[in-house]
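Take a look at the structure below.
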Amino acid sequence: MTVGPAQYVRKSGLLSEIGLYIEKFGKKAVLIGGNISREIVETKLREGMANMGITLEQSLWYGGEASRTNVNDLVEKLNRVDYDVIIAAGGGKALDTVKAVAHHVNKPLAAIPTIAATCAATTPIWITYSDEGEFTDISRDSKVPDIVLVDADVILQSPVRYLIAGIGDTLAKWFETKTSVKKAAPNARNQTAIAIAGQLYETMLNIGKQSVVSMEEKRMTSELEDMIDAVILISGSVSGYGGDDCRTAGAHAIYSGLTIFPEVHETYHGEIVAFGILAMLCMEGEEEKEIEDLISYYQEVNLPYTLQQMNVTKLSEAQWKELGEVSVTIEDMANMPFDVTPDMVVAAVKQADSIGKKMLVK
């Protein structure tokens, strides 16, 4: 089993000494990532590697979506390049795309997350989308990075909204893990994963507000450092230890269902997942007080808790029907410990939205 990356390093100014970490993989590197991310890291990356005699042979855009089309295009381009190691830079979709590319070309992979919005840098799977940005499946033809290099200064300068989305995505580790594991026989790995997820949740409740304030003020604090590690590393380790017993469940399935609506594409992955948690709790019949308490935390860290906050203002009956039908076909939904019908999804989303609307005035 693949638990996670062989090495994880987080420190301020790490890019200036990146050659120390890359040289073990060879002397010729290729950078693949988002346009903005490459712009942020490339100059320091070239300088840091040049100090160790490492050259950057090419810098390539990942394509804008974590789609098979883009993976295949990049594999074809790399077939014409002489290189030893791939460096991935960017957010979740960029990193996931390059993880799939590295798997197919069988080369070492170093990941440089430029935002703390997902655990993509530390997991062996990749979330696959269509070229238009709609979720298609969870794919396993992917390579976990050999090393994850987090320059805390780069994260600090990123928009605060990415960290908020990361908080939303990471909260789901606790709620989905404790749900999905109900279908599995207890063993050392999945019980360890639950313990990590539970502690992770408690940590996030304690440091969430201060970590967001630190990002807003562009001031590195211990709370922000801990949140960066929580989102990028610790969250990924839950999946690493738990494996298929501790995967994403109803919250991510509802996220995937909501991506069929173009208006939601301006809302980040973790923000939509956060709303999906609320709907999943409704589906599980949790007390309204528990959902309200979680929404109170969302209000502290500025996560969305109504459909309108995600630009979904009105759905027709046909759209509600499609949301329910799509959500139950998502692989994540099969991890729920009971059978879920489209009507259950629709009822849960409506209930979560209703509770959220009541909390808007509180």
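What the table below lists for this structure:
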read-out	value
Proximal lysines relative to residue 209, as straight alpha-carbon distance under 28 Å, when same-chain residues fewer than 8 apart are discounted	11, 93, 173, 178, 218, 289, 350, 357, 358, 362
Cα-based Rg / Dmax (Å) for the stretch 223-362	15.0, 45
Nearest 10 degrees, 0 to 90: helix 160-180 Cα axis against the chain principal axis	60
Net lengthening on full extension, residue 360/residue 77 (0.36 nm per residue, minus Cα-Cα)	96.9 nm
Apportionment of accessible area to carbon and sulfur, the stretch 311-362, percent (1.4 Å)	54
Accessible area of the stretch 71-221 belonging to carbon and sulfur atoms, whole % at 1.4 Å probe	48
Rounded Å value of the spacing that divides the Cα centres of the stretch 8-44 and the stretch 156-200	28
For peptides 347-357, 231-241, 93-103, sequence by mean Cβ density within 10 Å, most packed first	93-103, 231-241, 347-357
Surface per residue (accessible, 1.4 Å probe) for the chain, Å²	40
Cα centroid separation - the stretch 74-107 against the stretch 207-228, whole Å	31
Among 146-155, 124-133, the order from most to least packed when residues are scored by Cβ within 10 Å on average	146-155, 124-133
Approximate spin-label separation residue 292-residue 187, in nm, with each point projected 7 Å along Cα-to-Cβ	4.2
Residues with amide H under 5 Å from that of residue 66, placed H, sequence gap 5 or more	129
Calculated FRET value between residue 140 and residue 178, using beta carbons and R₀ = 25 Å, to 0.05	0.60
Angle in degrees between helix 68-78 and the longest Cα principal axis of the chain, rounded to the nearest 10	10
Degrees separating the helix 288-301 axis from the principal Cα axis of the chain, which is the longest one	40
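The values are calculated or read from the model by the stated rules, or taken from the named source; none is laboratory data. All of these numbers come straight from a predicted model, not from anything done at the bench. Cβ sites come from the backbone with ideal geometry, for glycine too, and all protein chains shown count toward neighbours. Accessible surface areas use protein heavy atoms only, side chains included; no ligands, DNA or RNA. Shrake-Rupley method; radii C 1.70, N 1.55, O 1.52, S 1.80 Å.
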